[in-house]
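The values are calculated or read from the model by the stated rules, or taken from the named source; none is laboratory data. Nothing here was measured: the structure is a model prediction, and the numbers come from that model. Ideal geometry is used to build each Cβ from the backbone, glycine not excepted, and the neighbour counts take in all protein chains shown.
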Amino acid sequence: MSDPTPFSAALRERSSRAHSSSESAGFMSDLVEGQGTREDYVALVAQHWFIYDALERAASEMKDDPVARVFITDKLTRLPALEADLAYLVGPDWRDRIEPLPTTRRYVERIAEVGRTWPGGFVAHHYTRYLGDLSGGLFIGRLMARRFGFDTNGIGFYLFDDIADPKAFKDVYREQLDAAPWDAAEQERVIDEVLLAYRFNTELFEDLAAAKRVRVA
Ligand code: HEM
């Protein structure tokens, strides 16, 4: 009998369509293809702040959980970099000048809920953001730097100073996903939560596009 598909491969396969939808959302593809403005980029960084604030609070709630703690490491922590980016991009009063969009509010509520109650759900959100940041995110960071003339200021979020080899890091992460003690039903629930996380990201791009239309009207 052949080996069953590892969970990490099934997860990747089952979420690839949702990944494509996020990747090709108009707001994101405009930014990547050079039609997005610096203001659009800053609007995205601001929403990231709310999302990573929730994610990293959830990580501290989950840090003693035997399943979730395997995935949690300071090497991934993004909030200080986001705060430095916002201080540079928006100014010292950035906290008073940013607000979560409707999808961000719902996304953040969901992260907080699973962070209190469900290790597998927390891992689903952790995976969707951080593995994405260590994949397409690295490319997006370089692109934004080139397009808007940032050196490291403004794109600190995309620089993982403590992860020298993102590919090796992601390989270990996938091994940890494969080793998680989830039965088939729990694996399905985790996959569904990853699909939900992708949906939040895609809908956030739609909110950002709508907010932009208001801005330029
Ligand atoms: C223009 C936008 C994007 C580009 C160009 C992009 C590109 C990529 C690429 C090339 C990979 C594969 C890397 C590899 O094989 O190791 C990847 C993986 C991934 N991306 Fe994206 N991505 C984008 C947006 C997103 C968004 C919005 C999310 C969700 C928040 C996301 C989440 C992920 C995840 C979780 C993976 C890892 C899949 C796995 O190996 O299990 N990506 N991305």
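The sole residue among TYR88, TYR107, TYR41 that is aromatic (Phe, Trp, Tyr) and under 14 Å from the mean Cα position of the chain (by Cα) is TYR107. For segment 13-40, filtering for residues that are near the ligand (Cβ under 8 Å from one of its atoms), part of a helix (DSSP H, G or I) and in contact (Cβ under 8 Å) with a residue 24 or more places away in the chain leaves 6. Scoring ALA10 on the criteria (1) assigned to a helix (DSSP H, G or I); (2) touching a helix residue (DSSP H, G or I) at 6+ places or on another chain (Cβ under 7 Å); (3) buried (at least 16 other Cβ atoms within 10 Å of the Cβ) leaves a single failure, condition (2).
Taking segment 88-97 as the range and being buried (at least 16 other Cβ atoms within 10 Å of the Cβ) and free of Cβ contacts under 8 Å to residues at least 60 places away in the same chain as the test, the residues that pass are VAL90, TRP94.
Condition check ((1) more than 28 Å from GLU39 (Cα to Cα); (2) more than 12 Å from the ligand (Cβ to nearest atom)) across all residues:
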{"residue": "ILE111", "(1), (2)": "no, yes"}
{"residue": "HIS126", "(1), (2)": "no, no"}
{"residue": "ILE140", "(1), (2)": "no, no"}
{"residue": "ASP151", "(1), (2)": "no, yes"}
{"residue": "PHE160", "(1), (2)": "no, yes"}
{"residue": "VAL172", "(1), (2)": "yes, yes"}
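Residues that are closer than 17 Å to GLY154 by Cβ, over 15 Å from the mean Cα position of the chain (by Cα), modelled with pLDDT of 95 or more and assigned to a loop (DSSP other than H, G, I, E, B): does segment 57-80 have at least one? No, segment 57-80 contains no residue that is closer than 17 Å to GLY154 by Cβ, over 15 Å from the mean Cα position of the chain (by Cα), modelled with pLDDT of 95 or more and assigned to a loop (DSSP other than H, G, I, E, B). From the list ASP192, ASP183, ASP207, the lone residue that is out of contact with any helix residue (DSSP H, G or I) (no Cβ under 9 Å at 6 or more places or on another chain) and of a type outside the set (A, V, I, L, M, F, W, C) is ASP183. Given the structure, is PHE71 crowded, with 16+ Cβ neighbours inside 10 Å, within 16 Å of the ligand (Cβ to nearest atom) and farther than 28 Å from ALA209 by Cβ? When the stated conditions are applied, PHE71 passes them. With respect to being touching a Pro at 6+ places or on another chain (Cβ under 6 Å) and either modelled with pLDDT of 95 or more or away from the ligand (no atom under 16 Å from the Cβ) (or both), ASP53 falls outside the description. Comparison of ILE111, ILE140 shows that the only residue that is part of a helix (DSSP H, G or I), in contact with a His (Cβ under 8 Å, 6 or more places away or on another chain) and touching a residue at least 60 places away in the same chain (Cβ under 8 Å) is ILE111.
Per-residue answers, yes or no, for (1) closer than 22 Å to ALA209 by Cβ; (2) surrounded by 14 or more Cβ atoms within 10 Å (Cβ to Cβ); (3) touching a Lys or Arg at 6+ places or on another chain (Cβ under 6 Å); (4) not β-branched (Val, Ile, Thr):
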site	(1), (2), (3), (4)
PRO6	no, yes, no, yes
ALA18	yes, yes, no, yes
PHE27	yes, yes, no, yes
VAL32	yes, yes, no, no
GLN35	yes, no, no, yes
ARG38	yes, yes, no, yes
VAL42	yes, yes, no, no
GLN47	yes, yes, no, yes
PHE50	yes, yes, no, yes
